[in-house]
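A short write-up of the structure that comes next.
The values are calculated or read from the model by the stated rules, or taken from the named source; none is laboratory data. Values in this document were obtained by computation on a predicted structure and should not be read as measured data. Glycine gets a Cβ as well: all are built from the backbone with ideal geometry, and neighbour counts include every protein chain shown.
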Amino acid sequence: MTTTWVSGADESGYGADNLPFGVFSHAGDPPRVGVRVGDYVLDLAALLGDPEFSAATLNPFMARGSTAWRATRAKVSGMLTKEAGRALAEPHLVPLSEVRLQAPFDVADYVDFYCSLEHAGNVGRIFRPDSEPLNPNWRHLPVGYHGRAGTVVSSGTGIVRPAGQRRPPGVEYPMFEPSRRLDVEAELGFVVGSPTSLGRAVPVEDFAEHVFGVVLVNDWSARDIQAWEYVPLGPFLGKSFATSISPWVVPLDALGAARIAGREQEPEPLPYLKRVADWGLDLAIELRLNGEVVSRPRYASMYWTPDQMLAHMTSNGAALRTGDLYASGTISGPLPGQRGSLLELTWGGTKPLTLADGSTRTFLEDGDTFTISGSAHGMGGGTISLGEVTGTVQPTRHQD
Ligand code: MN
């Protein structure tokens with residue numbers, strides 16, 4: 001493990017092998033860009049002086065491209081690991097307890113995929129018990145939809161239970177009322193830094209030139225609204241009320257030791273989706289409901305890899321913008337304890353979970369707090385943390 005002189009950082013999951021980027025405010029100063037190390041934020045605006053670090057979002061820095069990302073990471077890493085850098089950097093470490101974390105970047109477009117074979121299979125069996133669980137296209141392309149960028153919120157933002165149309169089984173007319181099937185989806189989000197121009201497809205091999213890093217995503221989902229509205233155009237109001245992301249963007253370069261060959265694909269994808277590098281990721285994900293662990297999926301089981309998602313998303317010539325966010329879809333593995341949504345964990349609400357306090361849950365109740373965290377092996381043999389994304393359910397706001 002590459003060690004740092006920052007006290008307590010090496011064993012914290014935020015040592016020199018991680019160095020995620022975020023946006024913080026401190027002591028009444030305007031928000032700015034920082035790097036987390038241990039229980040501190042390194043103030044890059046004060047330390048390095050580049051104007052993009054004085055911005056309230058990572059977008060200007062991410063727009064500079066992969067050469068600048070790597071140079072900055074190397075510079076910061078050098079200061080934090082060499083005694084010679086200590087005098088320069090130490091005055092710019094701010095205790096995490098004194099800062100307020102902001103949304104790390106302005107979300108340009110938001111796309112959500114559906115890349116877990118087990119998740120897609122489980123949802124197919126629950127929503128359409130009488131037909132094939134996977135649609136004929138599923139193994140040929142990473143299925144996705146365009147979501148609502150304006151309702152991507154930072155971790156900790158309260159999640160107001162949405163109201164909407166639902167039509168329970170056996171009922172002739174739908175009703176409009178608060179969702180009774182509010183759910184979570186544990187996902188990994190990929191943050192685009194380098195933009196492209198309209199008409200240009202991004203090949204799989206250019207993935208790391210465009211994607212800056214990853215965040216954890218909770219794609220809150222109202223299953224009853226979703227089940228009634230989604231045919232034939234896909235997810236809409238059952239998804240767009242809120243999507244939460246974690247505050248620290250972990251650079252792709254920090255995930256080198258987590259990279260694995262992607263899961264075997266059968267049939268072989270079309271040439272534009274053929275992998276040329278290992279962009280499977282072995283990440284440990286944990287889902288907690290009111291503090292209690294309810295699932296532990298591993299990202300390694302995902303079927304489509306993020307380089308394939310990017311290639312597919314741009315294969316029609318759609319341009320990328322700095323701040324585009326695309327998420328993997330629910331991360332579910334083959335075992336029951338690896339399911340990434342309550343829909344699957346309770347099998348459509350038919351098998352309630354029993355929590356440690358004796359209470360049961362099918363879907364979320366008002367006041368419930370749901371937290372997703374993640375970690376991976378770091379380049380030097382230690383563990384790096386992906387942080388966490390959390391949110392608490394608030395009651396529907398009724399209009400008077
Ligand atoms: Mn989703």
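Quick notes on this structure:
- Check on Gly124, in contact with a Leu (Cβ under 7 Å, 6 or more places away or on another chain) and free of Cβ contacts under 8 Å to residues at least 40 places away in the same chain: yes
- Single residue of Pro174, Pro168, Pro195 found to be modelled with pLDDT under 95, away from the ligand (no atom under 16 Å from the Cβ) and out of contact with any Pro (no Cβ under 6 Å at 6 or more places or on another chain): Pro168
- Evaluation of Ala163 against (1) within 16 Å of the ligand (Cβ to nearest atom); (2) more than 22 Å from Met62 (Cβ to Cβ); (3) surrounded by fewer than 23 Cβ atoms within 10 Å (Cβ to Cβ) (one fails), failing number: (1)
- Strands (runs of 3 or more DSSP E) within region 302-400 that include 2 or more residues farther than 24 Å from Asn122 by Cβ and modelled with pLDDT of 95 or more: 369-377, 383-394
- Residue list for region 34-73, restricted to those being touching a Pro at 6+ places or on another chain (Cβ under 9 Å), touching a residue at least 60 places away in the same chain (Cβ under 8 Å) and part of a loop (DSSP other than H, G, I, E, B): Thr57, Leu58
- Region 95-110 - residue that is in contact with a helix residue (DSSP H, G or I) (Cβ under 8 Å, 6 or more places away or on another chain) and surrounded by fewer than 21 Cβ atoms within 10 Å (Cβ to Cβ) and, of those, nearest to Glu132 (Cα to Cα): Asp109
- Set Phe212, Phe241: member being more than 17 Å from Phe113 (Cα to Cα), within 14 Å of the ligand (Cβ to nearest atom), in contact (Cβ under 8 Å) with a residue 12 or more places away in the chain and not in a helix (DSSP H, G or I): Phe241
- Residue check, Gly256 modelled with pLDDT of 95 or more and on the phi > 0 side of the Ramachandran plot: no
- Of the set (1) assigned to a loop (DSSP other than H, G, I, E, B); (2) crowded, with 18+ Cβ neighbours inside 10 Å; (3) within 16 Å of the ligand (Cβ to nearest atom); (4) not aromatic (Phe, Trp, Tyr), all apply to Gln226 but (1).
- So Val202, is it more than 13 Å from the ligand (Cβ to nearest atom), closer than 22 Å to Thr330 by Cβ and of a type in the set (A, V, I, L, M): no
- Residue match in region 127-144 (condition: surrounded by 16 or more Cβ atoms within 10 Å (Cβ to Cβ) and in a strand (DSSP E or B)): yes
- Test: Gly234 is within 16 Å of the ligand (Cβ to nearest atom), closer than 20 Å to Met313 by Cβ and at pLDDT below 95: yes
Yes/no matrix, rows are residues, columns are (1) of a type in the set (D, E, K, R); (2) farther than 26 Å from Glu388 by Cβ; (3) in contact with a Lys or Arg (Cβ under 8 Å, 6 or more places away or on another chain):
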| site | (1), (2), (3) |
| --- | --- |
| Ile260 | no, no, no |
| Glu264 | yes, yes, no |
| Leu281 | no, no, yes |
| Glu286 | yes, no, yes |
| Ser295 | no, no, yes |
| His312 | no, yes, no |
| Ser328 | no, no, no |
| Pro334 | no, no, no |
